[in-house]
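What follows is a short report on a single structure.
Laboratory data are not the source of any read-out in this text; all were calculated from the coordinates shown. All values reported here derive from a predicted model rather than from experimental measurement. Don't worry about glycine lacking a Cβ; one is built from the backbone with ideal geometry, like all the others, and counts go over all protein chains shown.
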Amino acid sequence: MRQHDVGEPAGTAVRGLLVQSAAYTLARRGDRDGTRELTDEAAAIAKELGEATLLRDHGGGFSPLTVQLHKISAEIHAGDPRAALDAARALSLKALPSAERRSRALGDIAVSYDRLGRRSDCARTLLATEICAPQETHARPATRAVISSLLVPGPTSTELCGLAERSGVLA
């Protein structure tokens, strides 16, 4: 294992955030192996630190929990929604510090279901997302795109149509 200490916990946490960011960049390029290698490195850094390290210029700080949230999103962008769902199963939504964080995690789970063609799971998750944080759900472009995708190809529930209307997807 690499030594990650750069002098103090805050410095080590910043390094973890940078590794996490690099992993996300690789995910956007579709490099699953590189994404996973760097995400594992970020997880090792977070494990070394133990508890969450709060950072003055980063609202969420750095912790094993933030790495797990990152992993869900990174797996989606790397093109592996099944791996994103596996990462989500390892996460306790109750452990997330805010409704906004829970909403974003649920939104990523909904995107994963959508990419796997699991319409009913996707719709159910979107509705749970709205209960958690309505404004975030209605405004987040990724969530709105998933809502829109569910309206086009097949039957829709009245609940999903209502969500689409509240989100401004149905005008």
Check: the chain dipole with +1 on Lys, Arg Cβ and -1 on Asp, Glu Cβ, in debye: 340 debye
Relative to the first principal axis of the alpha-carbon coordinates of the chain, what is the inclination of helix 141-151, with its axis defined by its Cα atoms, in degrees from 0 to 90 and to the nearest 10? 30 degrees
Listed by chain and number, the residues whose amide H is under 5 Å from that of Gly61, excluding neighbours fewer than 5 places away on the same chain and using placed H, are Leu55
Hey, rough spin-label estimate for Thr156 and Glu100, points 7 angstrom out along Cα→Cβ, what's it come to in nanometres? 2.8 nm
Using Cα pairs closer than 8 Å and at least 6 residues apart in sequence, work out the relative contact order for the chain, in percent. 14 percent
Per residue Cα convex hull volume for the chain, in cubic angstrom? 113 Å³
Shape call, the stretch 84-171: gyration tensor on alpha carbons, a/c limit 1.5: oblate
Once you have a ≥ b ≥ c as the square roots of the Cα gyration tensor eigenvalues for the stretch 57-133, tell me rounded if a/c is under 1.5, and otherwise prolate or oblate according to whether a/b is larger than b/c. oblate
